[in-house]
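The values are calculated or read from the model by the stated rules, or taken from the named source; none is laboratory data. What you see is a predicted model, and the numbers here were worked out from it, not measured in a lab. We place every Cβ from the backbone using ideal geometry, glycine too, and count neighbours over all the protein chains shown.
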Amino acid sequence: MNEFVRPRPEFPKRAVITSGMPYGNKLLHYGHVGMTLRADVFARFMRDRIGNDNVIFVSGTDCYGSPAIESFRKLKESGSNIKDLPSYVEGNHLKQKDIFNQFEIGFNFYGASAIGPAKQIHEETSRWIVKKLQDAGMLSVHSSWQFYDEKHKCLLNGRQVIGKCPIEGCQSEKGYADECDLGHSYLPQDLIDPISQLSGEKPKLVKVSNLYFDLEKCTALLNEWVDSIDRKGDTPPFMVKEIREFLKKPEIYIKREFFAEFDKIKSSLPAFEESARNEKSPSLTIVFDKLTDREEACEILTRHGIRYRTGKTLTPFRLSGNIDWGVPCPNIMGVENQTFYVWPESLWAPISFTKAYLKSIGKDDNEWEKYWCDKDAKVYQFLGEDNLYFYGPAQQAMWLCTQGASPVLNSDNGHLQVTKINPIKSILYMNKKASSSGALKPPMAEEFLKFYTPEQFRMHFLAMNLTNNNVSLCPKYFNPDADENEQDEMVKEGNLLTNVYNRILRTLFYSTQKTFDGVLPVAEIDENVLADCKKTILDVERFMHDKKFHQVFNALDVFIRNINKYWVKEVATADNDEKLARLTANTLQMIFVANTLLHPIAPSGTENVADYIGFDKTKCFDWENIFASAYDVLLPQRERKLTFLKEKEDFFKRHQYQLDEMARKNEEN
């Protein structure tokens, strides 16, 4: 019987990779870098896999919106001499860019929605999107509630209002005007116990007209989309579950203590279906066919003093607002002199950044369509689970509706295609939820570089199973309660490089320098070695395709440790030059494969290895040559001559702080 061979995964001809955009009011904490490096690893893999020129990795600073306004206001009140809001945001943008560079995150373009070459392009893209949605008949104007501070006589933007999230079951510490810090979206009038951040008093609700995308009309299309990604099986189950919750009919939850009052007035509510209840029911659920019916019911319940919570559902997605710091919104449908609400314009910012990058390398204005509007291309978006609502239902529906009045899931070429969303679960800190806006603040990314190398940081975060679970970050040097004798979890995965891989590399070099005068001997590579290499290559390819990065690490961990075991076992019987040449050739082949597969994770270290061995870097990281002989990717002018490796020289180094600590402990002992 022939052994079943699993087909290799398919990859697009071109790819855009994006990662979540940090706000312009802050520097980067560990979560920003931890999430983005997963996108970076995948982008580097895709460059090796489908060709460097076919991959674009973009992100940038989310400049606009109320977070920047509010942070700048507080800075000025504290006496800061920062000139103006654009200068404040630009300073943060440049620092963000530098920090990403320090962690070897290799964007093609890290832009800023309000600064530099992307600014004008982003404004043009914003006008293009809203025109497409208007032509599709998917825009409407609503006079919605907005908070007004009577003491300061001004409308309040999103972050100038703080309260409790009204979504049933939400554990958010902070609910803002129409979304909480866990990404739940709701109507302003549903926010519980709102307080103005300007005056500290309860704000008034007033009606304000804004432009909206009719997201709730896309329920059937979005159900079709969710069914399609569920069938493919490469989307985390928690994402499918989370998005399906938003596609439910509008619901209201009423606690048991209000049952009697509810029964007295329920006949005055719009038509609804009520869940069964008994003497032990803690709450009841009432379900409406239309969102407008639920809104009317909420107003009636409020008038009668009946407390309630609302469920997740699709609501009209606000596109415009009235804050000055934003992308100008076209004057359409009677809505004038407004800016775009920050969330929708941040969704299409990666399109603007793609355009800006392609323009910077001399491409035509319509070149971006080959990446965003072509079936042969794919856009991969890496983000935290808190943002699933926006990148899921909101973005996918908007993209599809740019087709016109009758959108279909399988868009034709020339239209925006649905993207591949790659969410991660929460990266906890010391087993607790850390947030810039919460009680527990996350450590800043730069702090980690005082104690850990970028490669150690990258290896540790890559090995986290964030596809399925919340994972806690517990760096020893940040933990005052850490046991001095226990291993630091942050360096555990990096030891694969600093200990195991370094050891086999040094062994290869020192043996070749001693026995063959530094010239790699030629010998036939054993079939079993080639088979092991092929299995690991195909495993890593599959895991990378499925974004199961922790399994990528596991596969590499086993493979690299086995190289060491192989050498130790075989060198004992390699009692002549011929046997040692064969052992060297087999080991070189495994190092070639390991180095190629490690390249997206530890780029500078693996490129240094390639230089020392004499691998042609235009060939050795290209997956067109992944199954080739290591000898086929050596530079011909080097004639298999290794660069001389000094004694105790490492390709992958520990942080100097760690070396100093080890020296201190040795002195004490």
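How do the pairs read when you match residues in the stretch 642-668 that are on the phi < 0 side of the Ramachandran plot with residues anywhere that are part of a loop (DSSP other than H, G, I, E, B) and exposed (fewer than 10 other Cβ atoms within 10 Å of the Cβ), using Cβ under 9 Å and keeping only pairs 6 or more apart or on different chains?
From the stretch 642-668, the pairs are LYS665/GLU484.
Please find, among ALA118, ALA177, the residue that is in a loop (DSSP other than H, G, I, E, B) and within 26 Å of the chain's Cα centre (by Cα). Walk me through it before giving the result.
On the way: ALA118 fails: in a loop (DSSP other than H, G, I, E, B).
Answer to the check: ALA177.
Could you check how many residues of the stretch 435-463 are buried (at least 20 other Cβ atoms within 10 Å of the Cβ) and of a type outside the set (Ser, Thr, Tyr)?
14
Restrict the check to the stretch 615-631 and report whether at least one residue is touching a residue at least 12 places away in the same chain (Cβ under 8 Å) and more than 35 Å from the chain's Cα centre (by Cα). If you could, list the steps in order and put the result at the bottom.
Going through the stretch 615-631, the residues touching a residue at least 12 places away in the same chain (Cβ under 8 Å) turn out to be 615-616, 619-623, 626-627, 629-631.
If we keep only those that are more than 35 Å from the chain's Cα centre (by Cα) too, we end up with 629, 631.
Among the residues of the stretch 615-631, at least one is touching a residue at least 12 places away in the same chain (Cβ under 8 Å) and more than 35 Å from the chain's Cα centre (by Cα), which makes the answer yes.
List, please: which pairs have Cβ atoms under 8 Å, are six or more places apart or on different chains, and start with a residue in the stretch 564-583 that is in the same structural domain as ASN502 (by TED's automatic domain parsing) and end with one that is of a type in the set (Ser, Thr, Tyr) and assigned to a loop (DSSP other than H, G, I, E, B)?
Listed by first residue and then by second, the contacts come to LYS579/THR573.
For the subset of the stretch 193-228 comprising residues that are closer than 30 Å to ILE332 by Cα and small (Gly, Ala, Ser), which member is surrounded by the most Cβ atoms within 10 Å (Cβ to Cβ)?
Among those that are closer than 30 Å to ILE332 by Cα and small (Gly, Ala, Ser), it is SER209.
Report those helices (runs of 4 or more DSSP H) wholly inside the stretch 1-104 carrying at least 2 residues which are out of contact with any strand residue (DSSP E or B) (no Cβ under 7 Å at 6 or more places or on another chain) and under 27 Å from THR467 (Cβ atoms). Steps first, answer last, please.
Numbers: elements: 30-50, 66-77, 85-102.
Answer list for the stretch 1-104: 30-50, 85-102.
Look through the stretch 606-618, keep the residues that are touching a helix residue (DSSP H, G or I) at 6+ places or on another chain (Cβ under 7 Å) and more than 15 Å from ASP40 (Cβ to Cβ), and return whichever of them is surrounded by the fewest Cβ atoms within 10 Å (Cβ to Cβ). Outline the logic, then answer.
Taking the stretch 606-618 and keeping what is touching a helix residue (DSSP H, G or I) at 6+ places or on another chain (Cβ under 7 Å), we get 606, 609-610, 614-617.
Cutting the leftovers down to more than 15 Å from ASP40 (Cβ to Cβ) gives us 609-610, 614-617.
Values: VAL609: 23, ALA610: 22, GLY614: 19, PHE615: 25, ASP616: 17, LYS617: 14.
This residue is LYS617.
From the list GLU104, GLU123, exactly one residue is at pLDDT 95 or above, of a type in the set (D, E, K, R), within 24 Å of GLY384 (Cβ to Cβ) and crowded, with 17+ Cβ neighbours inside 10 Å. Which is it?
Details: GLU123 fails: within 24 Å of GLY384 (Cβ to Cβ).
Exactly one of GLU104, GLU123 is at pLDDT 95 or above, of a type in the set (D, E, K, R), within 24 Å of GLY384 (Cβ to Cβ) and crowded, with 17+ Cβ neighbours inside 10 Å, namely GLU104.
Would you be able to say whether some residue in the stretch 474-489 is more than 20 Å from TYR657 (Cα to Cα), in contact (Cβ under 8 Å) with a residue 24 or more places away in the chain and either touching a Lys or Arg at 6+ places or on another chain (Cβ under 8 Å) or not in a loop (DSSP other than H, G, I, E, B) (or both)? First the steps, then the outcome.
Here is the first cut: in the stretch 474-489, the ones more than 20 Å from TYR657 (Cα to Cα) are none.
Among the residues of the stretch 474-489, not one is more than 20 Å from TYR657 (Cα to Cα), in contact (Cβ under 8 Å) with a residue 24 or more places away in the chain and either touching a Lys or Arg at 6+ places or on another chain (Cβ under 8 Å) or not in a loop (DSSP other than H, G, I, E, B) (or both), which makes the answer no.
Any idea which of ASN331, ASN366, ASN337, ASN278 is loosely packed, with under 15 Cβ neighbours inside 10 Å and in the same structural domain as TYR253 (by TED's automatic domain parsing)? Step through it out loud before you land on a result.
Numbers: ASN331 fails: in the same structural domain as TYR253 (by TED's automatic domain parsing); ASN366 fails: in the same structural domain as TYR253 (by TED's automatic domain parsing); ASN337 fails: in the same structural domain as TYR253 (by TED's automatic domain parsing).
Of ASN331, ASN366, ASN337, ASN278, the one residue that is loosely packed, with under 15 Cβ neighbours inside 10 Å and in the same structural domain as TYR253 (by TED's automatic domain parsing) is ASN278.
Could you check GLU489 against (1) out of contact with any Phe, Trp or Tyr (no Cβ under 9 Å at 6 or more places or on another chain); (2) in the same structural domain as LEU597 (by TED's automatic domain parsing) and say which number it fails?
Result: GLU489 passes all but (2).
Any chance the stretch 517-531 includes a residue that's of a type outside the set (Ser, Thr, Tyr), loosely packed, with under 14 Cβ neighbours inside 10 Å and at positive phi?
So far as the stretch 517-531 goes, yes, one or more of its residues are of a type outside the set (Ser, Thr, Tyr), loosely packed, with under 14 Cβ neighbours inside 10 Å and at positive phi.
Out of ILE601, ILE591, I need the residue that is within 24 Å of LYS653 (Cβ to Cβ) and in a loop (DSSP other than H, G, I, E, B). Which one? Let's see the steps before the verdict.
Values: ILE591 fails: in a loop (DSSP other than H, G, I, E, B).
Unique residue meeting the criteria: ILE601.
Among ALA602, ALA585, which is the only one that is at pLDDT 95 or above, in contact with an Asp or Glu (Cβ under 6 Å, 6 or more places away or on another chain) and not acidic (Asp, Glu)? Write out each step before concluding.
Working: ALA585 fails: in contact with an Asp or Glu (Cβ under 6 Å, 6 or more places away or on another chain).
After applying the criteria, what remains is ALA602.
When you check TYR371 against the structure, is it of a type outside the set (A, V, I, L, M, F, W, C), more than 27 Å from HIS184 (Cα to Cα) and surrounded by 18 or more Cβ atoms within 10 Å (Cβ to Cβ), yes or no? Even if it seems obvious, please write down each step before you answer.
Details: of a type outside the set (A, V, I, L, M, F, W, C): yes; more than 27 Å from HIS184 (Cα to Cα): yes; surrounded by 18 or more Cβ atoms within 10 Å (Cβ to Cβ): yes.
In short, yes.
Being touching a Phe, Trp or Tyr at 6+ places or on another chain (Cβ under 8 Å), part of a helix (DSSP H, G or I) and free of Cβ contacts under 8 Å to residues at least 40 places away in the same chain is the requirement here; does ASN608 meet it?
no
Looking at ARG44, ARG6, ARG49, which is the one that is touching a residue at least 40 places away in the same chain (Cβ under 8 Å) and not assigned by TED's automatic domain parsing to the domain that holds ALA377? Even if it seems obvious, please write down each step before you answer.
Values: ARG44 fails: not assigned by TED's automatic domain parsing to the domain that holds ALA377; ARG49 fails: not assigned by TED's automatic domain parsing to the domain that holds ALA377.
Among ARG44, ARG6, ARG49, only ARG6 is touching a residue at least 40 places away in the same chain (Cβ under 8 Å) and not assigned by TED's automatic domain parsing to the domain that holds ALA377.
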